[in-house]
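Reviewing the structure listed below.
The values are calculated or read from the model by the stated rules, or taken from the named source; none is laboratory data. All figures in this text were calculated on a predicted structure; none of them were measured in a lab. Counting neighbours? That spans all protein chains shown, and the Cβs are built from the backbone with ideal geometry, glycine included. The accessibility values were calculated without ligands, DNA or RNA, using every heavy atom of the protein model including side chains. Shrake-Rupley method; radii C 1.70, N 1.55, O 1.52, S 1.80 Å.
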Amino acid sequence: MANGIPGAAAPARGQPPLVDPFGRSIRYLRVSVTDRCDFRCVYCMAEEMTFLPKAQVLSLEELERLCGAFIQTGVRKLRLTGGEPLVRRGIMDLIRRLGRHLDAGSLDELTLTTNGSQLAKYATELYATGVRRVNVSLDTLDPDRFHAITRWGKLAPVLDGIKAAKDAGLSVKINCVALRGVNDGEVHDLVAWCGREGHDLTFIEVMPLGDIDGDMGEGNQGGMVRADQYWPLSMLRAELAKRWTLTDLPVSTGGPARYARVAETGGRVGFITPMTHNFCESCNRVRLTCTGMLYMCLGQDDAADLRAVMRGAPGDDDALLAAIKEAIARKPKGHDFIIDRRQKAPAVARHMSVTGG
């Protein structure tokens, strides 16, 4: 391999990163390792999903090579996503190999976002590879509501997985999508539970990605469209203020959340607001799909086909690095998310599971 990207010597710490046209340094890569998932969450997927044929999905070796290339360009944080990353066969082999960049000092953090269904099986091994924190998607603590939101999921194994992660030494952040009429009566319970368990909690506004279908039961026989789901976090925060004392914090974990301290629990609550107050001005991240498409913005359709570059010239690392740099030069200033209450159409046609959470 021309530059030997997967096994390359670590670039010097503090290497100048890629810089987009608006002066933002690209330090953070989110990598979808699969489009498959064992849940069918109503805001993420249609119930009857058509998944990609194996030939279109990057091999573990290709994923490692691409991650290595981004690390060479100055990326310091990798987050593995899906679909559900832990259902990908051989995923721990990839995580172990990526963990070597932590040992070499060329990567600051390797983490993942998961639905928690497989965490009980993998938590100890994840810690051994160098992973120190995970984000777990959890929108409710009610078993029946959990099943309704995820369609296929069961709450108990997810709670067992979260406990296993905590016992293994992993820091757990709970991600909760705010859904009007679904879990809006449960936000105080979630804050209290996370406070007791020592987990950070981040609320996320639902995003208009992909056509969804679903019936959340009585009151929504017409199916759950995003205009029905959307609950602005300004309203959610006002609800929290009725019970909790929130003090804004200046800290950031490198992502889009804005955090507040909860005086009564000592815990942190974050707010991700792509709709009411976007975070584009500080965006330092890009997203790589399991097919090798690099999206410079979650809310835009422009992408670079890195799989074609790799498979077209398997040994040409210079071409791969040049393709990455050219793509970053096209990173837009921000997204165009909007909840269309008239046409009830997604702003972006692809599902969240395609791009990676």
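Residue check: Phe146 meets all listed conditions (1) in contact with a helix residue (DSSP H, G or I) (Cβ under 9 Å, 6 or more places away or on another chain); (2) in contact (Cβ under 8 Å) with a residue 24 or more places away in the chain but one, namely (2). Only one entry of Gly90, Gly105, Gly99 meets the criterion of being touching a residue at least 60 places away in the same chain (Cβ under 8 Å) and either of a type in the set (Lys, Arg) or out of contact with any His (no Cβ under 8 Å at 6 or more places or on another chain) (or both), and that entry is Gly105. The single condition from (1) closer than 21 Å to Leu112 by Cα; (2) at pLDDT 95 or above that Trp193 fails is (1).
From the list Val177, Val206, Val158, Val131, the one residue that fits, being farther than 21 Å from Arg237 by Cβ and in contact with a strand residue (DSSP E or B) (Cβ under 6 Å, 6 or more places away or on another chain), is Val131. Being at pLDDT 90 or above, over 24 Å from Lys166 (Cα atoms), more than 16 Å from the chain's Cα centre (by Cα) and of a type in the set (A, V, I, L, M) is true of Leu179. Within region 3-26, at least one residue is open to solvent by less than 30 Å² (accessible area, probe 1.4 Å), of a type in the set (Val, Ile, Thr), more than 18 Å from the chain's Cα centre (by Cα) and modelled with pLDDT under 95. Yes or no: region 146-157 includes at least one residue that is touching a His at 6+ places or on another chain (Cβ under 7 Å) and open to solvent by less than 10 Å² (accessible area, probe 1.4 Å). Yes, that holds for at least one residue.
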